[in-house]
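The values are calculated or read from the model by the stated rules, or taken from the named source; none is laboratory data. Being a predicted model, the structure only gives us computed values, none of them experimental. Heads up, the Cβs are rebuilt from the backbone with ideal geometry, glycines too, and the neighbour counts pull from every protein chain shown. Just the protein is used for accessible areas: all its heavy atoms, side chains included, with ligands, DNA and RNA removed. Shrake-Rupley method; radii C 1.70, N 1.55, O 1.52, S 1.80 Å.
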Amino acid sequence: MPTPERVGELAADIFARQIAKKPDSVLGVATGSSPLTTYQALAKRIADENLDTSQLSAFALDEYIGLPYDHDQSYHYVINETVTKPLGLDPARVHVPAGMAENPAEAGREYERAIEAAGGVDVQMLGVGGNGHIGFNEPSSSLASRTRVKTLAPKTVADNARFFDKASLVPTHCLTQGIGTIMSARRLVLVANGASKADAVAALAEGPVSAMCPASVLQMHERATVIIDEAAAAKLQLREYYEYVWNNKTVQRPE
Ligand code: F6R
């Protein structure tokens, strides 16, 4: 896509159609910069089409350990500001891993049970880290993992330092859905923008399926869509082919 805004509109189209088809859908939501244009476009679609969001549930991918939920970088806070409020979701139906739990490992197992009790995730939003992570599943994560405690890679701490006053304030641990958890969603939508994602995008789409690039596991999902801007597409070997396929799609798609 030419711009991050178009990436967002296209991803939002998938979510809007899902909500229209099944108003009590279970959405998987991500934090970070990548999904913001999607949430903005989706909020507009919800308003324009008067979509009912009161019955939706949402499960976030991850949360820092030890960051109070009212801290403006905690994912409880971020999800509330970027997803729950703009999409008009019922806060009681929006779930974020309990990074402040006394026993985070048990909280991870409870999170798995909650996703299952809700019927599983219908559509999962994903960004990708510059190192190929999805959720906070850093390179070398088990491709079968479930929600659990992880240590953030130094690259992720450095990447996320931009959100904190100084790098030393970035938490070093998190509670994250596992790769197996993410793969259990019925549909995956990964968005990426910018040159800093070009290597990760090439590795996830065209590299071997490998724990060294956790996002490459999307190759094994039967319904995964990757939506990226020009800069993020820069290192794809088959880029012309993907454009050809896109331009020759016979199924209905937005302008
Ligand atoms: C966020 C998450 C991460 C981010 C990834 C990209 O919940 O799970 O995998 O999607 O770190 O972050 P941005 O979009 O900020 O580049």
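I need the full set of residues from segment 160-181 which are surrounded by 19 or more Cβ atoms within 10 Å (Cβ to Cβ) and either in contact with a Gly (Cβ under 6 Å, 6 or more places away or on another chain) or hydroxyl-bearing (Ser, Thr, Tyr) (or both), in order please.
Residues satisfying the conditions are 175, 176, 177, 181.
Identify the single condition in (1) within 22 Å of residue 151 (Cα to Cα); (2) assigned to a strand (DSSP E or B) that residue 107 does not satisfy, given that it satisfies every other one.
(2)
May I ask you to say which residue of 199, 229 is among the acidic types (Asp, Glu), open to solvent by less than 20 Å² (accessible area, probe 1.4 Å) and over 30 Å from residue 68 (Cα atoms)?
Going through 199, 229 in turn, the sole match is 229.
Residue under question is residue 194, and the condition is that it be surrounded by fewer than 22 Cβ atoms within 10 Å (Cβ to Cβ), within 12 Å of the ligand (Cβ to nearest atom) and on the phi > 0 side of the Ramachandran plot; does it hold?
The answer is yes for residue 194.
Scan segment 99-111 and report the pairs whose first residue is modelled with pLDDT of 95 or more and whose second residue is assigned to a helix (DSSP H, G or I) and surrounded by 20 or more Cβ atoms within 10 Å (Cβ to Cβ), with Cβ atoms within less than 6 Å and a gap of 6+ or a chain change.
101/107
Look through segment 35-56, keep the residues that are open to solvent by less than 20 Å² (accessible area, probe 1.4 Å) and either hydroxyl-bearing (Ser, Thr, Tyr) or within 12 Å of the ligand (Cβ to nearest atom) (or both), and return whichever of them is nearest to residue 19 (Cα to Cα).
The selected residue is 53.
Within segment 59-77, restricting attention to residues that are touching a residue at least 12 places away in the same chain (Cβ under 8 Å) and surrounded by fewer than 19 Cβ atoms within 10 Å (Cβ to Cβ), which residue is farthest from residue 48 (Cα to Cα)?
66
Working only within segment 124-138, note down all residues that are more than 9 Å from the ligand (Cβ to nearest atom) and either in a strand (DSSP E or B) or farther than 18 Å from residue 170 by Cβ (or both).
Once the filter is applied, which keeps residues that are more than 9 Å from the ligand (Cβ to nearest atom) and either in a strand (DSSP E or B) or farther than 18 Å from residue 170 by Cβ (or both), segment 124-138 yields 124, 132.
Out of the residues in segment 57-73 that are under 25 Å from residue 25 (Cα atoms) and in contact with a Gly (Cβ under 7 Å, 6 or more places away or on another chain), which is farthest from the ligand (Cβ to nearest atom)?
Across segment 57-73, the extreme among qualifying residues is 59.
Which residue out of 157, 245 is away from the ligand (no atom under 15 Å from the Cβ) and modelled with pLDDT under 95?
It is 245.
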